[in-house]
Amino acid sequence: MAHADKRASSNPIAAFFKIEGTPIAFVFLLLVLLFMLTAPRAFMGFRVYMSFMANVPPPMIIALGLTLVVVAGEMDLSFPSIVAFASYVFCALYQNYDMTWLALVAALATGTVMGFVNGLVVTKLGIPSLIATLAMLFLWGGLVTVVSNGASLAIPDIEGTLIHGVFAGRVGVFPVQFLWALGVAGLVWMVLNRHRFGESLLFIGDNLKVAKVVGISIDREKIKLFTLMGLLSAFAGVLLTLETTTYFSQAGMGYLLTVVAAVFIGGTSIFGGAGKVVGTVFGSLIVAIIEAGLVASGVAGFWTRFFIGLVFIVSVTMNAAIEDPDKVPLLKDLRSRARR
């Protein structure tokens, strides 16, 4: 192992690709160059980039929260319903009571409480988080449909208000919400890499027994984790609402697969104990640019998931190969043959 580390440190290219998020950033740049060739009219201009930078913040913010969840060896599939519920609370309070900032606080508080309940279900009932949050996806989704009577809400007159300008306005042509997403990414990175909470999550995801031995309160940290996930999902719901000026009960469902894909494309370990926040940012951008690029290139929309799946496999394999080529059986076999 020491010899392998010494070889990696003496190789500047290998050292460069060891930097967090570098492999997936490289994949992102390759996709941009590919779409510049296949759709130059769109990708040689700035409008397509501004468009997907206006639409990517909600799923990116959710993916950042999910990265922390996966780091702890857990999963949360309830976020689409929390997005919808927060969106409904915000729209209803604005439409019926002309609230703006209080509507924002209420929406964030709603998501936080829902995340807290998710944490209690996982820790106190002992249900695996994958199953528990899948159940909560239906529970919260059904509740918001009942509360809203299945109706959609539109608040087009919120455009031009201060809250709209702060969270969904433009600086020139640059979408403000993308700055919020980058701000959340910076905070999540600090939490994971520089804060005791992040250290606890890494311990929990890596080895639960060791985490208990060092004195980490497993249930408390997991409840905090799901509560934070609920807060970030609600914030994403508000950003989505301000951008589209509408609420509908299926508002977050379109994010379910793309958010999960962004986390694992970004290099976060599915087994827990390791996470890459920078990778999640670029994973979210990759999912967004594939959708925009295929449409601009004239490829039928149903090819989108095919290419996302293909990039998913390539990215995860690339990340594993850079960490340790022997983790990829094909590469391990080729290396062993080359040594003969």
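The values are calculated or read from the model by the stated rules, or taken from the named source; none is laboratory data. Everything quoted here is computed from the prediction, not taken from an experiment. Heads up, the Cβs are rebuilt from the backbone with ideal geometry, glycines too, and the neighbour counts pull from every protein chain shown. These accessible areas exclude ligands, DNA and RNA; they are computed on the full protein's heavy atoms, side chains included. Shrake-Rupley method; radii C 1.70, N 1.55, O 1.52, S 1.80 Å.
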_Suppose we keep only residues that are among the hydroxyl-bearing types (Ser, Thr, Tyr) and more than 19 Å from residue 151 (Cβ to Cβ) within region 104-128. Which one would you say is most open to solvent (accessible area, probe 1.4 Å)?_
112
_Enumeration of residues in region 83-103 that are surrounded by 24 or more Cβ atoms within 10 Å (Cβ to Cβ) and among the aliphatic types (A, V, I, L, M)_ = 83, 84, 86, 89, 103
*Taking only region 258-278 into account, find how many residues are assigned to a helix (DSSP H, G or I), out of contact with any Phe, Trp or Tyr (no Cβ under 6 Å at 6 or more places or on another chain) and more than 15 Å from residue 181 (Cβ to Cβ).*
2
_When residues of region 257-270 are limited to those that are surrounded by fewer than 24 Cβ atoms within 10 Å (Cβ to Cβ) and over 10 Å from the mean Cα position of the chain (by Cα), the one nearest to residue 79 (Cα to Cα)_ = 257
*Sort out which residues of region 282-297 are part of a helix (DSSP H, G or I) and open to solvent by 20 Å² or more (accessible area, probe 1.4 Å), and write them in order of number.*
282, 291, 292, 295, 296
_Tell me yes or no: at least one residue of region 189-208 is assigned to a helix (DSSP H, G or I), farther than 16 Å from residue 69 by Cβ and modelled with pLDDT of 95 or more._
yes
*Which condition number does residue 174 fail, the rest of (1) closer than 29 Å to residue 84 by Cβ; (2) at pLDDT below 95; (3) open to solvent by less than 30 Å² (accessible area, probe 1.4 Å); (4) of a type in the set (A, V, I, L, M, F, W, C) being met?*
(3)
*Would you call residue 186 without any contact (Cβ under 8 Å) to a residue 24 or more places away in the chain and either open to solvent by 50 Å² or more (accessible area, probe 1.4 Å) or assigned to a helix (DSSP H, G or I) (or both)?*
yes
*Test result for residue 86, of a type in the set (Gly, Ala, Ser) and more than 22 Å from residue 284 (Cα to Cα)*: no
_Here is a list: 143, 162, 153. Which entry is farther than 16 Å from residue 256 by Cα, in contact with a strand residue (DSSP E or B) (Cβ under 6 Å, 6 or more places away or on another chain), open to solvent by 10 Å² or more (accessible area, probe 1.4 Å) and in contact (Cβ under 8 Å) with a residue 40 or more places away in the chain?_
153
*asked:* I'm checking my understanding of the structure. Among residues of region 228-256 that are of a type in the set (Gly, Ala, Ser) and buried (at least 24 other Cβ atoms within 10 Å of the Cβ), which one is nearest to residue 149 (Cα to Cα)?
replied: 251
*Report whether or not residue 131 is β-branched (Val, Ile, Thr), more than 26 Å from residue 246 (Cα to Cα), open to solvent by 30 Å² or more (accessible area, probe 1.4 Å) and at pLDDT 95 or above.*
yes
*Looking at this structure, is residue 220 surrounded by fewer than 17 Cβ atoms within 10 Å (Cβ to Cβ), at pLDDT 95 or above, of a type in the set (Lys, Arg) and over 20 Å from residue 108 (Cβ atoms)?*
yes
_Pick from region 210-236, criterion polar (S, T, N, Q) and touching a Gly at 6+ places or on another chain (Cβ under 6 Å), ranking: farthest from residue 61 (Cα to Cα)_ = 227
